[in-house]
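These notes concern the structure reproduced below.
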Amino acid sequence: MRIKRSETENRVRTLSISQAQYIKFILEQHRMVDSNLVKTPIMNNLQLPILTQPEVNIIEYQRSIGSLMYLMVCICLDIAYAIGVLSYYVVCPRKMHI
């Protein structure tokens with residue numbers, strides 16, 4: 001976490017918090033550095049099926065959701081809905097959930 005403090009001419013103090021290094025670390029760890037940027041993290045009214053057999057590594061999926069939850073709570077509230085939807089599938093994730 002990077003915290004930057006500054007003062008302006010009017011003695012107005014600002015405080016900015018950046019998690020850029022942590023975001024880069026998460027993307028590298030889950031091999032998503034070359035992912036495409038989007039304005040909204042998930043489509044409206046997306047319905048993902050509940051499946052009985054996992055297709056992907058459950059531990060890795062749970063780790064990625066946990067990392068994103070930490071990021072969501074600390075600084076990126078805009079991804080809260082998407083993480084909520086994807087966390088519903090932590091027991092049996094499929095490729096479509098990644």
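The values are calculated or read from the model by the stated rules, or taken from the named source; none is laboratory data. The structure displayed is predicted, hence computed values, not measured ones. Note: ideal-geometry Cβ built from the backbone for every residue, glycine included; neighbour counts use all protein chains shown.
Hey, among the residues in segment 29-55 that are loosely packed, with under 13 Cβ neighbours inside 10 Å and among the hydrophobic types (A, V, I, L, M, F, W, C), which one's modelled with the lowest pLDDT? Result: 50. Scanning segment 1-28 for residues that are surrounded by 10 or more Cβ atoms within 10 Å (Cβ to Cβ), among the hydrophobic types (A, V, I, L, M, F, W, C) and either in a loop (DSSP other than H, G, I, E, B) or in contact (Cβ under 8 Å) with a residue 60 or more places away in the chain (or both) turns up just one, 1.
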